[in-house]
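Down below is the structure, laid out as structure tokens.
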Amino acid sequence: MKDFYLITIEIHDWMLPHKSPSQNFFREHSKEIRKTNNLTQRQLAIKLSVYQSYVSKVELGQKNLNIIELKDYLKGYNYYLVEFLNTLDKNVT
């Protein structure tokens, strides 16, 4: 009989692959918007009709969104794509 072990790994930002300034801004800003709206990842996932792991992967930078997905994702915060892009343009050089 073989022994099996469960190993848990804690992921820190510094362990994630290098992302562009725009990707880092999106990751941090989307998390900030979610928290400002007093939403958990699970609550946002329910609003978006996706799994909580999807929201987690977006916030960790493990999932990139195309423009249509981004528009739909931001709707979960009642945030407009144009507003987000203006904020991105002002904050990322």
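Read the figures in this text as sums done on the coordinates, not as results from a lab. In this text, all values refer to a predicted model and were calculated from it rather than measured experimentally. We place every Cβ from the backbone using ideal geometry, glycine too, and count neighbours over all the protein chains shown.
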Please give the FRET efficiency for Ile46 paired with Lys71, using the beta carbon to beta carbon distance and R0 = 22 Å, rounded to the nearest 0.05.
0.75
Using θ = phi - 60° and the Karplus relation 6.51 cos²θ - 1.76 cosθ + 1.60, list the HN-Hα couplings for the range 75-82 in order, rounded to whole Hz, with x at every Gly or Pro.
4, x, 9, 6, 10, 8, 4, 4
Enumerate the lysines that Lys75 could reach by cross-link, defined here as Cα to Cα under 17 Å, with residues fewer than 8 away along the same chain left out.
Lys31, Lys35, Lys47
Cα-centre dipole for the range 20-91 with unit charges at Cβ (Lys and Arg positive, Asp and Glu negative), debye to 20
220
With θ taken as phi - 60° and the coefficients 6.51, -1.76 and 1.60, list the Karplus ³J(HN,Hα) couplings across the range 57-74 in order, rounded to whole Hz; mark glycine and proline as x.
5, 5, 5, 7, x, 8, 10, 8, 9, 7, 4, 5, 4, 4, 4, 5, 4, 5
